[in-house]
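Worksheet: the structure to be examined is printed underneath.
The values are calculated or read from the model by the stated rules, or taken from the named source; none is laboratory data. Everything numeric in this text was worked out from a predicted model, so none of it was measured. We place every Cβ from the backbone using ideal geometry, glycine too, and count neighbours over all the protein chains shown.
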Amino acid sequence: MKRILLHAGAQKTGSTSLQRWFYSHETLLNGLGMTCPRRLIKRGDVDPIHRILTSARPGCDRSKLKKAFLKRLEELSGETGQQTVLLSHETIFGLPFEERGDGFYPDFMARLSNFQYLIEGTGIEVDVVFFIRDYCDFISSSYVQYVKMGGTYSLSRFVSSYDAQALGPAVQGAVLRGNPIAWEPITQALQQAFPGRVRIVDFTQFFATPSENLSRIFFDGAVSLEDCRGLESIRVNSSPPMVAVHLARHANIVLKYLTKLPKRKIGHVSSAAFIGPAERFHRFRLKGLALNKALVSFKERYRQDLQSLVWKG
């Protein structure tokens with residue numbers, strides 16, 4: 001394998017929709033010398049290379065993982081005859097808002113270092129596509145995921161615990177977690193790791209004209225707009241209304257104190273009761289009087305970031 005085209009998320013920026021498109025167009029990708037190993041977790045259809053990348057956590061046995069990673073790359077090349085692997089793995093650099101860590105993306109730097117180690121000295125070229133999203137929408141989607149995983153913080157407390165500047169004085173009971181919510185440190189780290197080979201993409205701009213942007217950003221215009229159609233019809237993840245999220249959060253609190261269920265199981269139970277049914281009919285938007293100031297702050301922060309961060313190629 002001579003080249004990796006790494007679609008590294010971020011989470012909640014349409015990654016699953018893009019993956020479904022890639023997987024259903026393997027023949028087209030093969031015509032470009034590419035293959036895209038699958039990562040369909042709910043179906044249990046996950047290529048070993050994704051399991052290896054998931055295992056590249058802080059403190060992992062990097063030498064062991066590197067051997068497994070390079071072995072699987074060679075296997076993919078032999079199995080498909082392709083020299084470029086399109087790796088679409090939105091959590092390769094960790095997850096945002098992890099409770100056990102500090103900052104917006106607590107494991108990002110360690111996971112980036114681990115990935116660099118996997119390819120160090122191999123001669124493999126790496127190009128990176130990384131999507132960013134308006135902070136307000138990103139926070140709302142991440143908060144829904146947090147509650148689904150058994151979280152008990154209110155939205156205000158959730159935001160304040162990561163970014164006290166957004167809300168002014170920290171919400172009572174919030175534990176501050178380091179750096180403010182910002183894409184710039186992440187995108188800068190990527191550009192330093194892979195100079196001249198990183199494309200930062202705005203989620204909203206991309207999906208405004210998905211066929212054109214898919215061709216331009218992932219395939220340098222080598223695929224026609226006609227062949228890039230279909231992405232706009234793939235709707236994988238929806239979002240529930242705030243009332244359903246509030247109900248699930250309060251259910252998490254009750255289950256936490258009345259049962260011995262693990263946190264994730266609690267989240268599964270409350271999600272099945274409140275969030276799942278609501279997701280089929282409604283869209284979630286960042287709301288609440290306590291977040292008015294944060295809304296303005298985050299909107300302006302993202303508007304400024306777009307001017308300097310997004311790839312203009």
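Of all residues in region 186-201, those satisfying the criterion of being out of contact with any strand residue (DSSP E or B) (no Cβ under 6 Å at 6 or more places or on another chain) and surrounded by 15 or more Cβ atoms within 10 Å (Cβ to Cβ) are 186, 189, 193. Checked against (1) free of Cβ contacts under 8 Å to residues at least 12 places away in the same chain; (2) closer than 20 Å to residue 223 by Cα, residue 41 passes all but a single condition, namely (2). State all residues of region 231-250 that are assigned to a loop (DSSP other than H, G, I, E, B) and loosely packed, with under 15 Cβ neighbours inside 10 Å; if no residue qualifies, say none. The answer is 235, 236, 237, 238. If you go through region 199-246 and keep only what is modelled with pLDDT of 95 or more, of a type in the set (Lys, Arg) and farther than 16 Å from residue 133 by Cβ, you end up with just 216. Would you check which residues across region 33-75 are surrounded by fewer than 18 Cβ atoms within 10 Å (Cβ to Cβ), in contact with a helix residue (DSSP H, G or I) (Cβ under 7 Å, 6 or more places away or on another chain) and either hydrophobic (A, V, I, L, M, F, W, C) or assigned to a strand (DSSP E or B) (or both) and list them? Scanning region 33-75 gives 60, 68. Working only within region 203-230, note down all residues that are assigned to a helix (DSSP H, G or I) and hydrophobic (A, V, I, L, M, F, W, C). Within region 203-230, 203, 206, 207, 208, 214, 217, 218, 219 qualify.
Scanning region 84-100 for residues that are under 26 Å from residue 216 (Cα atoms) and within 12 Å of the chain's Cα centre (by Cα) yields a total of 6. Just a yes or no: is a residue in region 78-88 within 17 Å of residue 48 (Cβ to Cβ), small (Gly, Ala, Ser) and out of contact with any Phe, Trp or Tyr (no Cβ under 8 Å at 6 or more places or on another chain)? The answer is yes; a qualifying residue exists. The number of residues in region 1-32 that are within 23 Å of residue 222 (Cβ to Cβ), among the hydroxyl-bearing types (Ser, Thr, Tyr), surrounded by fewer than 21 Cβ atoms within 10 Å (Cβ to Cβ) and under 21 Å from the mean Cα position of the chain (by Cα) comes to 3. Checking each residue in region 9-32 for being within 21 Å of residue 77 (Cα to Cα), of a type in the set (A, V, I, L, M, F, W, C) and assigned to a loop (DSSP other than H, G, I, E, B) picks out only 32. Selection within region 145-162: residues that are surrounded by fewer than 23 Cβ atoms within 10 Å (Cβ to Cβ) and among the hydrophobic types (A, V, I, L, M, F, W, C). The member of this set that is nearest to residue 11 (Cα to Cα) is 149. Total residues in region 145-165 satisfying the condition of being among the aliphatic types (A, V, I, L, M) and modelled with pLDDT under 90: the figure is 3. When region 101-144 is filtered for residues that are aromatic (Phe, Trp, Tyr), more than 13 Å from the chain's Cα centre (by Cα) and at pLDDT 90 or above, the ones remaining, listed by number, are 115, 117.
One residue stands out in region 76-90 among those that are in a helix (DSSP H, G or I) and small (Gly, Ala, Ser): the one that is surrounded by the fewest Cβ atoms within 10 Å (Cβ to Cβ), namely 78.
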